[in-house]
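Q: Before anything else, here's the structure in question.
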Amino acid sequence: MSPSVPLQEMIRAIRSARTQCEERGVIQRECAAIRAQFRQADNGGRSHNLAKLLYVHMLGYPAHFGQMECVRMIASPRYSEKRVGYLGAMMLLDEKQDASLLITNSIKNDLSNSNQYIQSLALCTLACMGSAEMCRDLAPEIDRLLRASNSYIKKKAALCAVHIVRKVHDLGELFTKAARSLLTEKNHGVVHGAVVLITELCERNSETLERFRKTVPDLVQIMKGLVISGYSPDHDVAGISDPFLQVRILRLLRILGRNNEAASDAMNDLLAQVATNTDSTKTVGNAVLYETVLTVLDIKSESGLRVLAVNILGRFLLNNDRNIRYIAMTSLQKIVGTDHNAVQRHRGTIVDCLKDQDASVKRRALELSLALVSASNIRSMMKELLSFLSSCPPELRSQTASGIFNAAERYAPSQRWHIDTILHVLTTAGGDVRDETVPNLIQLITNTSELHCYTVHKLYRALLSDISQQPLVQVACWCIGEYGDLLLTGECQETEPVQVTEDYVLDVLETVLQSHMSSPSTRGFALTATMKLSTRITENVDRIRSIVSIYGSCIDVELQQRAVEYNALFKKYDHMSILDIFPELFLDKVYSVKLSFAYNNNVQSAGLSPPLCGVSQVCDLLDLLGGSEQPLQPSPALGSAAPPIPVSAPNTVGGDLLDLLGGLEPTPITPGLTFTYTHNELQKQETGRLTVTLTASNSTESDIRGFTLQAAVPKSVQLHMKAPSGDSLPARGTAKVTQMLVFTFGSQNI
Amino acid sequence: MFALVANQKVVIDWPCFWVVLGGSFLPRGVYTVLLFKMQFMLLFSRQGKLRLQKWYVPLSDKEKKKITRELVQTVLARKPKMCSFLEWRDLKIVYKRYASLYFCCAIEDQDNELITLEIIHRYVELLDKYFGSVCELDIIFNFEKAYFILDEFLLGGEAQETSKKNVLKAIEQADLLQEEAETPRSVLEEIGLT
């Protein structure tokens, strides 16, 4: 076909422009000329003009003034003009443009044209940009063409019908019959179109799906023909006969065989045949094998076939071609839940792919590796994952970190290993971990009381070497604050102890406080840690006092508030039990919950005479000791609600920790005062909510008035306390006070 | 009762539906639509200049430009030996470089990436046969023909003819028709006799 000279000249002119500005000038001139030409009457160069405009449009310049010209050209009797007109319509007139409706009539006429190439133009345009309205208007035409035309048009009409069904689902009914009959044709293009159409119809409508199940034997026949047949030069691609059609048929079989035993049985043999006979040395063979594997894994295939499919994926994993490895991992990811053991066999190869150069392959390998972690391989997998973390691309870091945490939490072989792993992650990728990591790690450390010494030593060393990773620094500060005394004893069983003096420890904390790398919350941690040490060290309390008072005038409001309050504590109290070590907090993340309520009786002896006076009892989590004895305290706990009222009978006080798992345990705190907690059956609860009913009764000789319950929960839990039934407990258990508490557990992941 | 499915914990309260994230392998009772569709095809040079764009979904000009810009940037940033597939937004992008041109297709979630590579390859073969050892300049100066060939091979984003020979034959015929339409009318026709 001879080239369009005017078009090529313009292209040359545009390309020879040396600057963007020059190019714009050329294009503006050309557009002006084109616009002028459009306004003129019919001349021979209309198609060239429109072609020029389309080129300009592709470069990114506005070309909307050509829309009407497209409409006119489509209506022209000349094929050359129609061709360019339709091309213009597809490029400029998408369904959002109003002018697109104007071409509906032209398309309709052209669909009935005697020349198949004109029909083809109309079909192509309709399938590319036909709006829902156009589709509704022209659907009967397409149906007619599906039945009575030559194969060239039939195949196009089939794909046009596909577009129509995608746009207007209801019209699928119209094409069902015609689609069925097209399957019997010989022409590959028509069969291909028919298969695509049937796929679309079945996807949209389950009844149609049922009806087309009967075609499974026919499809199997066609497929067999393709696989077994000899060399057919027309459709052959590297030894595979018509791979495009094969893939389409396999896809349709997948949809028909899903959730249906009979259909799946009918295609079992065929799938086995394709899986074994297809040559996998070239990409095209692998494309067919891939589709086969997807089909086998989706239908109700027998186990032998499934194993065959997973083995094919395993072979793909060893392929040199990176693309094939990538799609193998994508597929394995989908079945790792259902065929876990089969995928486990390929764990080694998958882990090797972590070292691949390509970021997409790395991502796939990471996801799959995380899915394959189990109790038996946790140690070796974690080694690989940690080394991956140190060299992985930045966009994968946070995913890797959270994956490692999840895996560590589920399968940690020992507490120490768990803590070590988390510390390793914090040192390598501290900036990419989520916020909940810090409190979760703190909770983990609190609960592993036998490793307090080891942990604080490790964290101290980590802090000495690097104070830039905020989560690590925060946890380290907290640890030093809590267990600093263990650091100072100079002994440790699990690891080499450090020999430090109190000054050194305070130096480290001060460095963190003053460093520009520390975030405000980190500073808060450091300040609180410094404060806590005042109860654990003996000599440098003055130094601590001075540090704390300096921050009383800090610009940061949070720090200032803390410092001022700590200063107040220093002034008022000699022994601050508020700063003692935390008790064990158990918050199992998924279902079971252990709640610890600590009860302490605060009484002030004020010498008032008695009997029948109430005593306020405050449930106070802050005021706890590691030991269970606590003498009567003159100091009120922070946040106590009711004023303390003297009581006649001295009550023994215990700082007992109450565990309530398994529910109905009446636990006497003081003789006579009974609390019972009941909760609903955990299994039947909605995820993450626990309702506890508290019943309190008083079997002492005196009434208790002003009874209030206070409870504190960790950050990841929300507590909703309903109103109590009353606040006085009459003597001798004559009446009870009940109160409902609802705990909602937030997101459970680190 | 839990299940570990694709590394996500799914809590199951019997009886209920299973939800598998991101996969098409579903146990009984659940029905999803598998999406196979080519949404668009772009051809661009190594400098990022667009040489052909075929859109099979309705988008405004602005959106098309935005997508083109982003995608061109993403693909050009890839190193030579990397995978031909990448995930971009909620689509899968399949691309391949032939000499100085990048051929880039966007397909939907369940589509077969390997067969899309074959489709791209088939298109390149068609161009090659038509132009005779095609190079980028051919596609620049004869862009409308590149479109005509594409439209004879793909229809609505699906392959319409799986035989190379048939596609080329059809184009040949259409070209002939165009030639006839463009030749000047004979003198006799012009003065109104026959």
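The values are calculated or read from the model by the stated rules, or taken from the named source; none is laboratory data. Computed from a prediction, not measured in an experiment: that's the story for all the values here. No Cβ is skipped: glycine too gets one built from the backbone with ideal geometry, and neighbour counts run over all protein chains shown. Keep in mind that these areas ignore ligands, DNA and RNA; they rest on the heavy atoms of the full protein, side chains included. Shrake-Rupley method; radii C 1.70, N 1.55, O 1.52, S 1.80 Å.
Q: So which trypsin sites (Lys or Arg not before Pro) in the stretch A:417-473 end up in coil per DSSP with only 16 or fewer other C-beta atoms within 10 Å? Each step should come with its number before you reach the end.
A: Numbers: sites: A:Arg434, A:Lys458, A:Arg461; in loops: A:Arg434.
Filter output for the stretch A:417-473: A:Arg434.
Q: Let me ask something else about it. If you take every residue apart from A:Ile704 with its C-beta less than 13 Å away from the C-beta of A:Ile704, what net charge results, scoring Lys and Arg +1 and Asp and Glu -1?
A: 0
Q: Before we go on, tell me the buried accessible area for the A/B pair, both chains summed, 1.4 Å probe, in Å² to the nearest 100. Each step should come with its number before you reach the end.
A: Numbers: alone 36000 and 13320 Å², together 41120 Å².
Buried surface at the A/B interface: approximately 8200 Å².
Q: Then there is this: Between B:Leu154 and residues 5 or more places away or on another chain, which pairs have amide H atoms under 5 Å apart, with H built 1.01 Å from N, and which residues are they?
A: Residues meeting the amide H criterion: B:Gln160.
Q: Does any residue of the stretch B:151-169 lose at least 10 Å² of accessible area with all protein chains in place compared with its chain alone, and if so which ones (probe 1.4 Å)?
A: Buried by the other chains: B:Asp151, B:Glu152, B:Leu155, B:Gly156, B:Glu158, B:Ala159, B:Gln160, B:Glu161, B:Thr162, B:Ser163, B:Lys165, B:Asn166.
Q: Within the set of other residues whose C-beta is less than 13 Å from the C-beta of B:Lys64, count the net charge using Lys and Arg as +1 and Asp and Glu as -1.
A: Here the count lands on +2.
Q: Among the listed pairs A:Lys155/B:Lys165; A:Lys155/A:Lys186; B:Lys66/B:Lys164; B:Lys64/B:Lys169; B:Lys96/B:Lys145, give every one whose C-alpha distance is greater than 23 Å.
A: Among A:Lys155/B:Lys165; A:Lys155/A:Lys186; B:Lys66/B:Lys164; B:Lys64/B:Lys169; B:Lys96/B:Lys145, the Cα-Cα distance tops 23 Å for B:Lys66/B:Lys164; B:Lys64/B:Lys169.
Q: What ranking, highest mean first, results for peptides A:245-257, B:90-102, A:540-552 when packing means the other Cβ atoms within 10 Å averaged over each residue?
A: Averaged packing, sorted descending, gives the order A:245-257, B:90-102, A:540-552.
Q: A follow-up question, please. Beyond 28 Å between alpha-carbons counts as too far, so tell me which of A:Lys362/B:Lys49; A:Lys224/A:Lys282; A:Lys214/B:Lys37 fall in that bin. Numbers along the way, then the final one.
A: Values: A:Lys362/B:Lys49 30 Å; A:Lys224/A:Lys282 21 Å; A:Lys214/B:Lys37 25 Å.
Distance filter (> 28 Å) returns A:Lys362/B:Lys49.
Q: How many Å³ per residue does the convex hull of the Cα positions in the stretch B:47-119 occupy?
A: That works out to 105 Å³ per residue.
Q: Peptides A:48-57, A:507-516: what's the order by average Cβ count within 10 Å, highest mean first? Don't skip to the answer; put the middle values down first.
A: Details: A:48-57: 23.9, A:507-516: 16.4.
The most tightly packed comes first, giving A:48-57, A:507-516.
Q: When Lys and Arg each count +1 and Asp and Glu each count -1, what net charge do the other residues less than 12 Å away from A:Arg523, Cβ to Cβ, add up to?
A: Result for the neighbourhood of A:Arg523: -2.
Q: Below 17 Å, Cα to Cα, which aspartates and glutamates can B:Lys92 reach? Residues fewer than 8 away in the same chain don't count.
A: A:Glu291, A:Asp358, B:Glu70, B:Glu108, B:Asp109, B:Asp111, B:Glu113, B:Glu118, B:Glu158
Q: Could you provide, to the nearest whole Å², the per residue accessible area of the stretch A:64-178 with probe 1.4 Å?
A: 35
Q: Computing the accessible area with a 1.4 Å probe over protein heavy atoms, can you report the carbon and sulfur percentage for the stretch A:293-443?
A: 46
Q: Moving on. Which ³J(HN,Hα) values, rounded to whole Hz and listed in residue order, are derived for the stretch A:292-309 from phi using the Karplus coefficients 6.51, -1.76 and 1.60 in 6.51 cos²θ - 1.76 cosθ + 1.60 with θ = phi - 60°, glycine and proline given as x?
A: Here the 3J(HN,Hα) series is 4, 4, 4, 5, 4, 6, 9, 8, 8, 7, 6, 5, x, 5, 4, 4, 4, 5 Hz.
Q: Calculate one ³J(HN,Hα) per residue across the stretch A:64-78 by plugging θ = phi - 60° into the Karplus curve 6.51 cos²θ - 1.76 cosθ + 1.60, and present them in order as whole Hz with x for glycine and proline.
A: 5, 5, x, 4, 5, 5, 4, 4, 5, 5, 4, 7, 5, x, 7
Q: Grab the eigenvalues of the alpha-carbon gyration tensor for the stretch A:49-192, scale each by 5, take roots, and send me the semi-axes largest first in whole angstrom.
A: In descending order the semi-axes read 28, 16, 13 Å.
Q: Send over the per residue convex hull volume for the stretch A:116-251, Cα only, as a whole number of Å³.
A: 103
Q: Here's a follow-up. How large is the Kirkwood hydrodynamic radius of the stretch A:292-371, counting all unique pairs of alpha carbons, in Å?
A: 12.4
Q: Next question, about the same structure. Might you work out the accessible area of A:Val351 for me, using a 1.4 Å probe with all protein chains in place, and round it to the nearest 10 Å²?
A: 10
Q: Shape of the stretch B:58-194 from its Cα gyration tensor (a ≥ b ≥ c, root eigenvalues): rounded if a/c is under 1.5, otherwise prolate when a/b > b/c, or oblate?
A: Values: a/c = 2.38, a/b = 2.12, b/c = 1.12.
Prolate, because a/c is 1.5 or more and a/b exceeds b/c.
Q: For the stretch A:157-170, in order, what is each residue's ³J(HN,Hα) by Karplus, 6.51 cos²θ - 1.76 cosθ + 1.60 with θ = phi - 60°, in whole Hz (x at glycine and Pro)?
A: Running phi through 6.51 cos²θ - 1.76 cosθ + 1.60 with θ = phi - 60° gives 4, 4, 5, 5, 4, 4, 4, 4, 5, 5, 7, 10, 4, 5 Hz.
Q: If you don't mind, another one. Placing unit charges on C-beta atoms (Lys and Arg positive, Asp and Glu negative, everything else neutral), compute the dipole magnitude of the stretch A:294-397 about its Cα centre in debye, rounded to 20.
A: It comes to approximately 160 debye.
Q: Averaged over peptide B:174-180, how many Cβ atoms belonging to another chain are found within 10 Å of each residue's Cβ? Each step should come with its number before you reach the end.
A: On the way: counts 9, 4, 3, 9, 11, 4, 3.
Mean shielding by partner chains, rounded to a whole number: 6.
Q: Need one value for A:275-287: mean number of C-beta atoms belonging to other chains within 10 Å of its residues' C-beta atoms.
A: Average neighbour count from other chains, rounded to a whole number: 2.
Q: Among the lysines, which fall within straight-line cross-link reach of A:Lys571, defined as a Cα-Cα distance under 21 Å, with same-chain neighbours fewer than 8 residues apart omitted?
A: The qualifying lysines are A:Lys532.
Q: Average partner chain C-beta neighbours within 10 Å, per residue of A:290-301?
A: Numbers: counts 4, 3, 0, 0, 5, 0, 0, 3, 5, 1, 1, 0.
Mean number of neighbouring Cβ atoms from other chains: 2.
Q: How do the peptides A:261-267, A:121-127 rank, highest first, by the average count of neighbouring beta carbon atoms within 10 Å per residue?
A: Top to bottom by mean Cβ count within 10 Å: A:121-127, A:261-267.
Q: What are the residues whose amide H is under 5 Å from the amide H of B:Trp88, where those residues sit 5 or more places off or on another chain and H is modelled from the backbone?
A: Close amide H contacts, sequence-distant or interchain: B:Ile93.
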